[in-house]
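Notes for the one structure printed next.
The values are calculated or read from the model by the stated rules, or taken from the named source; none is laboratory data. Since the model is a prediction, treat every value here as computed from it, not as a measurement. Cβ: placed from backbone, ideal geometry, glycine included. Neighbour counts: every protein chain shown. The accessibility values were calculated without ligands, DNA or RNA, using every heavy atom of the protein model including side chains. Shrake-Rupley method; radii C 1.70, N 1.55, O 1.52, S 1.80 Å.
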Amino acid sequence: MLYYIFTLRSLIFLGMSILLFSIKGRTQQQTMHLQRNWEFRQNGTTVWMPATVPGCVHTDLIQNKKIEDPYFRTNESKQQWIGEKDWEYRTRFDLSADMLKNKYLNLVLEGLDTYADVFLNGERILDADNMHRTWKIACKDKLKPKDNILHIFFHSVFKNGMALKESYPIPLFQYANNDQTIADSMISIFVRKAGYHFGWDWGPRFITAGIWKPISIEAFNEIHLDGLQISTQSISKAEAGMHARMEVFSDSENNVDILLSAEEQEVHQQRILLKKGWNDISFNFSIKNPRLWWSNGLGEANLYRFKATIKSKEKIESEKEIQTGIRTLRVVHAPDKNGKSLYIELNGRPVFMKGANYIPMDMFTNRTTDAQYERLIQHAAETNMNMLRVWGGGYFEKDIFYNLCDKYGILIWQDMLFACGTYPGTSHFYESVTEEIKDNIKRLRNHPCIALYNGNNEVDVAYYAWTWKNKYTPEQQVFYEKTMKTLFGEIIPKAILTADSTRYYHPTSPNTGYNNIGYENGDVHYWNVWHGKEPFESFNTSIGRFMSEYGFQSYPLLETVKTFTHPEDRTLDSEVMQAHQRCMADDMKDKTYGNSLIIHYMDQYYHTPKDFESYLYVSQLLQKKGLAMAIEAHRRNMPFCMGTLYWQLNDCWPVASWSSVDYEGRWKAAHFKVKELYGNQMISVWKEKDSIEIHIANDATDEKKGTLQVTLMNLNGKVFKQFHVPVILKQNTSSIYLKQSIEYLTTGKNKAELIFTASLR
Ligand code: BMA
């Protein structure tokens, strides 16, 4: 009792002192968001219209009723002019005296899309040219208490893109399936802007412009804690060995105390002499009885809040809070008896990756709400996924996306932003990429969900396997190969390392070549099904160590098709439906190519559907069948194969595509099947020569005991044979639990009417 009173009193005392302390010693570090009073206009016109920031020209034009829904019917083609114009944004704002008295004021522009001249009170303070960068401009001397004007002029990317393209010594290429001219699509390689904005084989072409991320003013005084990274070095039941890294700015030599707390418990304290300028500070500490972060299906995704404080004398100079998980993660890419492995080891345990490739959720990045992000990540978690690959033709996702992946235990394979192209190698390009990577990795590095960084999507295979190499003379080949070696072998890994030294870097995906090259050595993109027209059955034999891409298209649900069509458009070959099917043949001209591939496969596995609605439906059954064959094959073959990420989880507009969840968030048939097949236990019935084998893959952390029930019956439910096999499923294994000869099972029966079912109880 006494103890209790004492504790209570001390708590009250402590609470008061924190309150007093924070009044007396409150840090002046503040942030003011510039979200209001924005207006925009097309350069050369006189009327300013209200604008939303963050946002983009297209969505502002929609809001002002200047254009119709870009996704409806064939509106896309009528709206191409927007990307060819220059646009202006401006706002007016005041600053409080409290804010102005800070020694340093930075204008922080988290994302400008893309070529932007920024003027503050009439003075040009920045020429931006990279959508993925965050810009911080010191502007104390340019700000005043009232009527500050921030004016941003966005140049059309075409002029700049074309100029860059024309001045580059060799031609560059990109796989961009859109119906624009090839010359246009090649600009995207030179411009540091999300590649998919220029059109893709599942996406339209909208060259956006605008302020796509928040703008704020950050204020601070002598000392500023700019970066904080917390990482796990070792784990045991009793203790986690942790590492902290801080990037601190100090404008003079200063003696300070550094404090670090985890969930409000102090875990480290130290006095340090800050030198003038930037200080990189790191130290180790430990967390007792850590609650580990686990990926979906293996345990809780526990998270910890860490707070770092810098104090000098009694004053809090600067503070920073981050959230992370305690976990160790290794990507094991090492020689083994089968070649070279590629698998994830989480908290010391090899984990089979089950997931999909993720693309941006909309053409207009600001349109996706937090609730929509959460819904999609839930769709992934509900389907028992534990990994998504953020593909390199989009952008580094917003914080909300990674926060949700942390929360739901979804690991992220993070591409750098290069996809299916040959890229330039000028010093400015290298510098720009370096800064973009540092900005983003610094933002991403505390997320326990980030498993690895990957240099690019299909840049190597484009050059070697798609034979783009042959487009170059021998001299050009030497030049190009040198630039790629520099970019993906030096510049990018070095930039990553400066911001985060804790993660594995994979230079390119796939790193085994394409389709038939080097299956035993890394990650595979398997596209002989679909692009190569091979039957689904070839999924059974084309298995690599980590299947990072494969897939099959289907149409969205009818309800989704209705959102972009009039009733008369609802035939497969209508102009509108074809505008919402972007997979075209290599010459980019054959618009019927995607549909004809679906029909090619449908003819092999299903009867021709009777009408439009049935066609949409059967296309989904077909996709489900193909993906199921692939996933079963990959999981049956673990641990040789340790990951399966199908192409693709979602859509960025309503379209025929490889997605399993359509743009409206509706599950296609495949997504339901994926949920079953990605469960911790997967049963697969497999025909091996003259026998039927029942395989079970078990990803659970413990052994499972149960009974495998296998039934052979006819279409009327008449049971011919039934097996009850007691099984012990070892954790993290895939094995055969029953094998019967086909002859024994089927003699005397009509094979065409036999059904074989297997379940685990
Ligand atoms: C993969 C991807 C994408 C493409 C998809 C379907 O190779 O990397 O570029 O959309 O195939 O063709």
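Let me confirm something: among VAL655, VAL674, which residue is at pLDDT 95 or above, within 17 Å of TYR358 (Cβ to Cβ), more than 16 Å from the ligand (Cβ to nearest atom) and crowded, with 24+ Cβ neighbours inside 10 Å?
VAL674
Go through segment 537-576 and report how many residues are part of a helix (DSSP H, G or I), more than 21 Å from ASN357 (Cα to Cα), touching a residue at least 12 places away in the same chain (Cβ under 8 Å) and open to solvent by 20 Å² or more (accessible area, probe 1.4 Å).
4
Does at least one position in segment 679-691 carry a residue that is within 23 Å of the chain's Cα centre (by Cα) and surrounded by 23 or more Cβ atoms within 10 Å (Cβ to Cβ)?
No, segment 679-691 has no match at all.
Determine, yes or no, whether LYS442 is of a type in the set (Lys, Arg), more than 16 Å from the ligand (Cβ to nearest atom) and closer than 22 Å to ALA128 by Cα. Explain how you work it out, then say what you get.
On the way: of a type in the set (Lys, Arg): yes; more than 16 Å from the ligand (Cβ to nearest atom): yes; closer than 22 Å to ALA128 by Cα: yes.
For LYS442, the condition - of a type in the set (Lys, Arg), more than 16 Å from the ligand (Cβ to nearest atom) and closer than 22 Å to ALA128 by Cα - is met.
Given THR644, THR592, which one is away from the ligand (no atom under 16 Å from the Cβ) and of a type outside the set (A, V, I, L, M, F, W, C)? Please lay out each step first, then the result.
Details: THR644 fails: away from the ligand (no atom under 16 Å from the Cβ).
It is THR592.
List the number of the failed condition for TYR395; all other conditions in (1) surrounded by 19 or more Cβ atoms within 10 Å (Cβ to Cβ); (2) touching a strand residue (DSSP E or B) at 6+ places or on another chain (Cβ under 7 Å); (3) of a type outside the set (Val, Ile, Thr) hold.
(2)
Would you tally the residues in segment 255-274 being surrounded by 12 or more Cβ atoms within 10 Å (Cβ to Cβ) and outside any strand (DSSP E or B)?
Taking segment 255-274 as the starting set, the residues that turn out to be surrounded by 12 or more Cβ atoms within 10 Å (Cβ to Cβ) are 256-263, 266-270, 272, 274.
Subsequent filtering for residues that are outside any strand (DSSP E or B) retains 263.
Total satisfying the criteria: 1.
Tell me whether segment 365-384 contains one or more residues that are β-branched (Val, Ile, Thr), surrounded by 22 or more Cβ atoms within 10 Å (Cβ to Cβ) and within 16 Å of the ligand (Cβ to nearest atom).
Checking segment 365-384: not a single residue is β-branched (Val, Ile, Thr), surrounded by 22 or more Cβ atoms within 10 Å (Cβ to Cβ) and within 16 Å of the ligand (Cβ to nearest atom).
Just to confirm my filter: which helices (runs of 4 or more DSSP H) fall fully inside segment 34-141 and include at least 3 residues that are open to solvent by less than 40 Å² (accessible area, probe 1.4 Å) and of a type outside the set (Ser, Thr, Tyr)?
Numbers: elements: 57-63, 75-78, 81-84, 97-100.
Correct list: 57-63.
If you take the residues of segment 658-671 that are open to solvent by 10 Å² or more (accessible area, probe 1.4 Å) and either part of a helix (DSSP H, G or I) or within 16 Å of the ligand (Cβ to nearest atom) (or both), which of them is farthest from HIS197 (Cα to Cα)?
Ranking the qualifying residues of segment 658-671, first place goes to ALA669.
Just the residues that are of a type in the set (Ser, Thr, Tyr) and either modelled with pLDDT of 85 or more or within 16 Å of the ligand (Cβ to nearest atom) (or both), please, taken from segment 163-192.
Of all residues in segment 163-192, those of a type in the set (Ser, Thr, Tyr) come to 167-168, 175, 181, 185, 188.
Once the filter is applied, which keeps residues that are of a type in the set (Ser, Thr, Tyr) and either modelled with pLDDT of 85 or more or within 16 Å of the ligand (Cβ to nearest atom) (or both), segment 163-192 yields SER167, TYR168, TYR175, SER185, SER188.
For segment 590-636, which residues satisfy the criterion of being in contact (Cβ under 8 Å) with a residue 12 or more places away in the chain and not in a helix (DSSP H, G or I)?
Of everything in segment 590-636, those that are in contact (Cβ under 8 Å) with a residue 12 or more places away in the chain and not in a helix (DSSP H, G or I) turn out to be LYS591, THR592, TYR606.
Among the candidates THR434, THR486, THR426, single out the residue that is β-branched (Val, Ile, Thr), farther than 17 Å from ARG192 by Cα, open to solvent by 10 Å² or more (accessible area, probe 1.4 Å) and modelled with pLDDT of 95 or more.
The conditions single out THR486.
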